[in-house]
1. Work out the length of the dipole vector of chain A about its Cα centre, built from +1 on the beta-carbon of each Lys and Arg and -1 on the beta-carbon of each Asp and Glu, and round it to the nearest 20 debye.
2. If we count other beta carbons within 10 Å of each Cβ, what is the order of A:Asp41, A:Asp265, fewest first?
3. Just want to confirm a number: the relative contact order over region A:5-200, from Cα pairs under 8 angstrom separated by 6+ residues, in percent.
4. So what is the relative contact order for chain A, in percent, with contacts set as C-alpha pairs under 8 Å and at least six apart?
5. Please compute, over every Cα-Cα pair in region A:236-402, the percentage with a separation greater than 27 angstrom.
6. Once phi is turned into ³J(HN,Hα) by the Karplus curve 6.51 cos²θ - 1.76 cosθ + 1.60 with θ = phi - 60°, what whole-Hz value does each residue of region A:392-401 show in order, with x for glycine and proline?
7. Straight-line reach from A:Lys387: which lysines fall under 29 Å, measuring Cα to Cα and dropping same-chain residues less than 8 apart?
8. May I ask you to order A:92-105, A:190-203, A:363-376, A:506-519 by the average number of other C-beta atoms within 10 Å around their residues, highest value first?
Amino acid sequence: MPVFKMLDIDLTTGRHQVTDVSAQFDRDLGGTAVATSLLLDTPADLDPYAPEAPIIFATGPFSAVYPVATKTVALFRSPLTGNLGESHAGGRLAMAMYGAGFHVIRVRGASPFPCYVTIDEDQVHLHRAHSLWGSSALAAERILRDHVPSSYKRSIVRIGPAGERRSPLAAATVDSSRHFGRLGLGGVMGSKNLKALVVSGGRYWPIVEKGKYNAFYKKLYDAVVKSPAMKKYHDLGTAMNVVPLSRINSLPTRNFAQGFFEGADEISGETFATRHLTQHLACGHCQTGCIHMATLRERFHPEHHQFKTFKISYDHELIYALGSNLSISSPEEILRLLLLIEKQGWDAMSIGVTLAWAIDAFQAGHLTPAHTDGLVLNFGDAATGEKVLHRIARGHNEFYRDLERGAAFCARKYGGQDSAIAFGGNEAPGYMTGLYAYLGYATGVRHSHLDSAGYAIDQKALNEPKPDDVLTAELYKEALWRMTLNSLVICLFARNIYTKEAILEGLDALGLTGWTETRLHEAARRAHARKLQYKERCGFRFDDLVLPGKLARVVSGAGQVDPARFARQVAAYRDLARADLAAAADVADAPPSAIPNPR
Amino acid sequence: MGKLLRVINREQCIGCYSCMFACSRIWYKAITVEKAALRVKNYAGVEGAFSIRPCYGCADPDCARACPTAALTPRPGGGVDLDSAKCTHCGACTEACIPEALQWDHEQKQPIVCRQCGVCVQFCPNDVIAMVDIPAATR
């Protein structure tokens, strides 16, 4: 029977301890569900930047063990929304945590000095890192990969200067171009003076039943590599969405003013692939290789033929946030902006949507050249966009310092709330397909399009209309199902491969017996309810959710979205969640041993 | 003429480590990359530059020459065999392998010998490695 362990690190004292958390994994399945239970154990009124506030990194029983179970989930209190901070990242972190022998790493406390932490199996050390403080997220990885020896594959999680400044838009970057992007984990790491974590180890699970495991593995491998299930991701990637979304008025353009972008062809997945794609990369133990790396070669000397070349990853969300939504139709300009964002370590979506708000607010007169210190903000002006990012990085003046606090904060302070396209405080992702995309962003536990995939419901409903309540129930059902996937912490790109049957077969092949469809569902309901419980404890209320004013005026892929209809469906979703909260309450507070186990 | 493992398309590697997982899985019943008899290396700060280091099945292997106890002996057809009982865990063999293809088992403290079985090839999604006919005279 596999054993699951948690490493607890106290940055204040530099001490650590290891706990067996197998019972929690047996009860909750793993990943997001286990981490949520741990987060609920913290006091309700902790400031996101309080030293005691935990960061919980968790993986699941499939992590590193099966193909495409590559993600690690991080839970924390979000400095952006004030409630549940949850972000998922790929790279080699899940594999390295497995190798280190830990399925959970909980970081608490704050170091009195800038530090980084190395975890090499039981060797856990806190090191001074004054000389690393101020380095870009890219440089920090280069330096640590050189500096920290290990016999094993390493994973490096680090922040850039944005995290050091405690920006609630700051990401934590993992290995090559993967990110805990959303909801401000970078700022929380910065508040703890934690520049980086380096994780490695050679521990492993022996295969219990060779025939069973190998047969199941081969089936998954063939589905990943040989079936059409993952084709989209290793072909053009999610960037293939750009043009089709624009065609159905669903590609956010000029701060969500419209869903059609006249320059969509110029920033399409096809254009990026033809002009700039140089390589695909993979997360550890994923044969798909969906990370699309673009190369940009630029002449830097006006008289001599001297060039610089940089590589940067791209996908649909980045192209939307720094492209169509800013009315920038040059892939080269998008890549240059992305490089700055990578170095600073911001979440690309949040900083992009905040820039779009600023341009909108400038044009509406809420912002003036006095705020921007002379810069004129225009859609389509990437050169000025670069200047804005440099000024934010330098903390040029109060306005620029405020910009890295997000669109909702800025709109409250400067005006233009209608045009701050944020849900629950989180800047919106790149789909304006209609009511269910917006409803998903609003009601999702982490205000992400990945919580419940409302954009897919919008598109299906165009062909097959159904009553709102039915679709809201489908949205809710998908949100619950994704609790299971996120407890296994598989990459959601493989969601069509990891069916219920496959999951049960996979658990059984690892010797994790006793799981049934019902038990999976109950664990998912409980996890979802506990997340809402945590959010409500932090002050979140469904009834406070509003559709950003601008989105009520513009025509989405599924037509205009009536705010009253939006509010009715938020209430319908709330009622579904409430019923689950009540049902889950009996078991929510029970110790793991009290949970019925059919074994 | 026998088949030996070769890197045929290094630039097509995506760094998924599927080959290393396959080798550990099949030969050691271990879910890890650390029991594999080959290594996919990546480089600090160089995005996506991988170097694949498989055992080349040398006819006169440096690793066997370096072994002070003859625990490693040349195998007919290329590569080496390991007699674990003779291994003194000195690590001279891995030092002698210039491409650093011969891997070290940190748990057993002995080299991990490639059997040239080709299972890694079967689990490479991008044709980076292959079992290639190599005439004995050119090994």
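1. Dipole about the Cα centre, nearest 20: 820 debye.
2. Fewest to most other Cβ atoms nearby, the residues stand as A:Asp41, A:Asp265.
3. This gives 23 percent for region A:5-200.
4. Reported relative contact order: 16 percent.
5. Considering region A:236-402, 28 percent of its Cα-Cα pairs are separated by more than 27 Å.
6. 4, 4, 8, x, 3, 8, 4, 4, 5, 5
7. In chain and number order, the partners are A:Lys195, A:Lys308, A:Lys311, A:Lys343, A:Lys413, A:Lys550.
8. Per-residue mean Cβ counts within 10 Å order the peptides as A:92-105, A:190-203, A:506-519, A:363-376.
FYI, it's all coordinate maths here, none of it is from the lab. This is a predicted model, so every value here is computed, not measured. Glycine also receives a Cβ, built like all others from the backbone with ideal geometry; neighbour counts cover every protein chain displayed.
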